[in-house]
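Data first, discussion second: the structure below is written as structure tokens.
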Amino acid sequence: MTKTGAFSRPVYIIAGGITKFAKAHPGMDFRLMCKEAFDYAMADVPTLTVDMIDGSSLSYFSDHFTRQLMAGIMVHDYLGLCPKPSRRIEGGGATGGLNLQNAYQEVASGRMDCCVAVGFETMSRVSTWKGNEFIALASDTNFDFPVGGFYTGYYAMMVRRHMHEFGTTVEQMARVSIKNHANALHNPYAQFPARLTVDDVRSAEMVATPLTMLDICTMSDGAACLIVAGEEVAERVCDHPVRITGIGTGTDAMRMADRPHGDVILLPHESAADYAGLRYPGVHSFRAGRMAAKLAYAMAGIGDPREEIDFVELHDAYTSSEIQTVEDLGLCLYGEGGPYSAGGATFMPNVDYGLELPVTPRVPVNPSGGLLACGHPVGATGLMQGVFALWQLQGTTAKHLGDPTLQVRNARRGLIHSHAGTGTYVTVTILERP
Amino acid sequence: MAGRDKSRAEVGAEGSAGRMSRAEAGAKSSAGRTSRAEVGARGSTGGVGPGRAGADKGGAAGHKLPETLEGSILYNLDPIILKWHWEVDYVHSYAQDSPFFAGLSQQKLLGSRCAACGYVYATPRSHCMECGAPTAWYELPREGRIHTFTTCYYGGEAFLEETPFTLVLVEFDGVDTLFLSRLVGVEAEEVRIGMPVTARFLRNSKFRATDVYFVPAG
């Protein structure tokens, strides 16, 4: 049975802030980065005072990167929130998304009227390849880490199977890279904005076939913050609160090898006949992403996501992940992710990509530039998506980015999607302008 | 079997090494106390404590930590960025997965089969993910097919020296799940999904998942 959250209180996001995502922020430690993001958010709701905040929800992925256990409390005390309640949330790449959902629950349950969700990662403290080794520890250390020891290798195997099942091409993947890097040219918070061609992406250094350096997001330092509140606080301090109308979380087995080959979990607008003969999820699709979408749609009352969502910020750690994820979210059928992502439906109408796009933009995916171009400071990433989505729904993108290009016109409902290691934890959160 | 005996001997040796290291840990903690005592001793230039040092030398100037030639590797001054080394040896138990690794040393690839629902796992797990019942060990066929693959030109730092290497997920007839391994003996561009492959084993086991690898069949 699907839970609808019918007994919970309405929950709003009232402000957000982020640091610039960068290869390194040597002048700020994690506490100061979080403070910067927090102060930005607080400045956006000037009548909200710290004494009106009931507690915090802190997220960072890796103790190895941080080399500081209990960094969460250090952020909480740095923000002046002691002795109020706080807890740390961790779930791999989905850490930020899980953090926002935890803050939602704090408010929805009535435990808090106002909760700050803050997340960060400091990945510059080790070499890129040591960093990759740390990240690979988020795979089974008996069976997977000693053999592969490399996340890009895992995703490369997944997309290779996607290509085999559905005919997805590396050119389609390259177009995702072009789109997200070009969008980021208008986002000053992004780490790696760039104007690229298909040839640039394909001729970049090969990392794990078929993924090149430009199919993969970078490691980053950064922090992000969202202030989550109940109706009374939201109405009192915020002119344009955005409501969280649906949350969904899905999971799958840590070892890719253990993923089942069964039937597709159907969304309301799909039928079993759409997927005759497809063995699901295998390693080509993310069952956790589909489950998260199904739960979030049920709670938000979304019957057909193709028609009822205005934009999406999703976890494109790899170009291939974006193609796989638009299928999980039901923006197109399983198997159509490649042509759907390359054709134009997910592009911004007013950005020059240097590409022929046969399809009119319809549901912009990663208007911010996504992880590919913004960077991926893991514990902050899911919150970063929330910040950009908040500004889209408030219509304040131009104000916060200093550039109106990325504002999605008449954005009423947005979807944010956070994803952990090969699809083990995935969150989908639906945000709406009331 | 000789191989079997050897592996047992090694496990035994490792086990006693484990006991030794616990003894060492005890020694180390008492060494910790000693070194604190030493600091005190050195600081007091031959006395037994800071109090005495003060008495000998007269005044607070006598309190002094020893100077050493150790320094720090500094990358930057503003802000100060320095090198911070950290390493650790873990005492890792394969616990209920141990028979799989013992099997590799006997040239056997062991998966597991659920006694209750019949689900067969290529990568073993001692309880069934489908129904929760205990599983039994199940010897996999040596021959399988490539379900998917990639050739890695980079990797985690521990594996960089081994690049490029090819990873495969192997599927087996009659088995419900897959097995992650490395493929050798074929050029990267010649690897194909569906290609038949055969398991090979290291002659001298390291008791790691890489004790088994795959080569093209035939």
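The values are calculated or read from the model by the stated rules, or taken from the named source; none is laboratory data. Remember, it's a predicted structure, so these values are computed and weren't measured experimentally. As a convention, Cβ positions derive from the backbone with ideal geometry for all residues, glycine included, and neighbour counts pool all protein chains shown. For the accessible areas, the whole protein counts, side chains as well, though only heavy atoms, and no ligand, DNA or RNA atoms are used. Shrake-Rupley method; radii C 1.70, N 1.55, O 1.52, S 1.80 Å.
Per residue of A:135-146, other chain Cβ atoms within 10 Å of the residue Cβ number 5 on average. Taking a ≥ b ≥ c as the square roots of the eigenvalues of the alpha-carbon gyration tensor, the stretch A:1-149 is classed oblate because a/c is 1.5 or more while a/b is no larger than b/c. Loop-located trypsin sites (Lys or Arg not before Pro) in the stretch A:187-285 (DSSP state not H, G, I, E or B) with no more than 15 neighbouring Cβ atoms inside 10 Å: A:Arg195, A:Arg279.
Using only helices, what value at 222 nm comes out for the protein assembly as shown when you add -39,500 (n - 2.57) per DSSP H run of length 4 or more and divide by the total residues, to the nearest 500 deg cm²/dmol?
Numbers: 19 runs with 213 residues, N = 652.
For the protein assembly as shown, the value works out to -10000 deg cm²/dmol.
Can you pick out the pairs among A:Lys179/A:Lys294; A:Lys35/A:Lys294; A:Lys130/A:Lys399; A:Lys84/A:Lys294; A:Lys20/A:Lys294 whose Cα atoms lie more than 29 Å from each other? Beyond 29 Å between Cα atoms: A:Lys35/A:Lys294; A:Lys130/A:Lys399; A:Lys84/A:Lys294; A:Lys20/A:Lys294.
Below 10 angstrom from the Cβ of A:Gly395, what's the summed charge of the other residues (Lys, Arg +1; Asp, Glu -1)? Residues near A:Gly395 contribute +3 overall. Inter-chain neighbour count for B:179-186: the average number of beta-carbon atoms from partner chains within 10 Å of each residue's beta-carbon is 3. Long hydrophobic helices in chain A: none of the complete DSSP H runs spans 30 Å or more by Cα along its own axis with mean Kyte-Doolittle hydropathy of at least -0.5. The accessible-area ordering, largest first, of the residues A:Cys115, B:Cys131 stands as B:Cys131, A:Cys115, per a 1.4 angstrom probe. If contacts are Cα pairs under 8 angstrom and at least 6 residues apart, what is the relative contact order of the stretch B:95-216 in percent? 25 percent. Sorting A:166-178, A:296-308, A:378-390 by their mean Cβ neighbour count within 10 Å, with the most densely packed peptide first, gives A:378-390, A:166-178, A:296-308. When each of the peptides B:93-103, A:97-107, B:79-89 is scored by how many other beta carbons lie within 10 Å of its residues on average, the order from highest to lowest is A:97-107, B:93-103, B:79-89. Computed over the alpha carbons of chain A, Rg followed by Dmax gives 19.8, 58 Å. Counting, for every residue in A:150-161, the Cβ atoms of other protein chains within 10 Å of its Cβ and taking the mean gives 6.
Based on the Cβ-Cβ distance from A:Ala398 to A:Ser109, what FRET efficiency comes out when R0 is 35 Å, to the nearest 0.05? Once rounded, the FRET efficiency stands at 0.50. Using bins of 10 Å that start at zero, the share of Cα-Cα pairs per bin across the stretch B:95-216 amounts to 14, 41, 34, 10, 1, in whole %.
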